[in-house]
Amino acid sequence: MHKNLIRLSSILMIFAIILGAFGAHFLKAKISENLIEAYKTGVLYHLIHALALFVIGATQKTLNSVLNKAKFFLFLGIILFSGSLYLLSIKELIEFPSLFRFVGKLTPIGGVSFIVGWIFIFLSLKDKS
């Protein structure tokens with residue numbers, strides 16, 4: 001068991017649940033349906049990848065270099081992909097247009113980070129027999 005990774009994933013899950021509740025109870029009445037769908041996508045990917053980090057932490061006593069890379073890219077994906085969708089979703093509530101031009105470019109980078117993280121998970125499963 002890798003306690004630090006379990007701690008990190010637990011914090012990420014807590015934030016995903018809080019942000020999901022915030023979206024359902026506050027934002028849903030304040031932003032358009034398209035933006036609430038983007039927000040929900042951010043929460044879903046946030047939850048899935050935080051759970052993936054938890055599973056890695058719970059099943060691995062130590063993290064080899066490949067799993068360390070997977071951990072990094074999954075975490076980066078949460079920050080860039082989900083984080084950018086959270087920010088883009090509130091654009092109707094905030095007057096800061098230059099921020100949203102920049103943030104929108106982070107979403108696909110975060111998506112690629114998720115893919116790279118899963119590739120590293122796949123690569124970590126070398127057959128040792």
Pulled fully out, how much extra length does the chain show between PHE102 and PHE72, if you take 0.36 nm times their separation in residues and subtract their Cα-Cα distance? 8.6 nm
Equivalent-ellipsoid semi-axes of the chain, from the Cα gyration tensor, Å, largest first: 31, 16, 10
In the full protein assembly as shown, how much of THR41 is accessible to a 1.4 Å probe, in Å² to the nearest 10? 50
Please compute the per residue accessible area over segment 1-121 with all protein chains in place, 1.4 Å probe, rounded to a whole number of Å². 57
Helix-only CD estimate at 222 nm, as mean residue ellipticity for the chain, using -39500 (n - 2.57) per DSSP H run (n ≥ 4): -24500 deg cm²/dmol
Return the inverse of the average 1/r over all pairs of distinct C-alpha atoms in segment 17-73, which is the Kirkwood hydrodynamic radius, in Å to one decimal. 13.1
Enumerate by residue number the chymotrypsin sites (Phe, Trp or Tyr not before Pro) in segment 1-84 meeting two conditions: DSSP loop (anything except H, G, I, E, B), and at most 15 other Cβ atoms within 10 Å of the site's Cβ. PHE26
To the nearest 20 debye, what charge dipole does the chain have about its Cα centre, counting +1 at the Cβ of each Lys and Arg and -1 at the Cβ of each Asp and Glu? 460
Round to the nearest 10 and give me the degree value, 0 to 90, for the angle of helix 33-59's Cα axis relative to the longest principal axis of the chain. 20
On a straight-distance basis, which lysines could pair with LYS69 in a cross-link, Cα separation under 28 angstrom, same-chain partners fewer than 8 positions away excluded? LYS3, LYS40, LYS61, LYS105, LYS126, LYS128
Probe radius 1.4 Å, ligands and nucleic acids ignored: give me the carbon and sulfur share of the accessible area of the chain as a rounded percent. 70
Based on Cα coordinates alone, diagonalise the gyration tensor for segment 64-129, multiply each eigenvalue by 5, take square roots, and list the semi-axes in whole Å, largest first. 33, 8, 7
Peptide ranges 4-14, 108-118 listed from the most packed, as the mean C-beta count within 10 angstrom indicates: 108-118, 4-14
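The values are calculated or read from the model by the stated rules, or taken from the named source; none is laboratory data. Here the structure is a predicted model, which means the values were calculated and not measured. When we count neighbours, we look across all protein chains shown, and the Cβ atoms used for this are built from the backbone with ideal geometry, even at glycine. Ligands, DNA and RNA are excluded from the accessible area calculation, which covers all protein heavy atoms including side chains. Shrake-Rupley method; radii C 1.70, N 1.55, O 1.52, S 1.80 Å.
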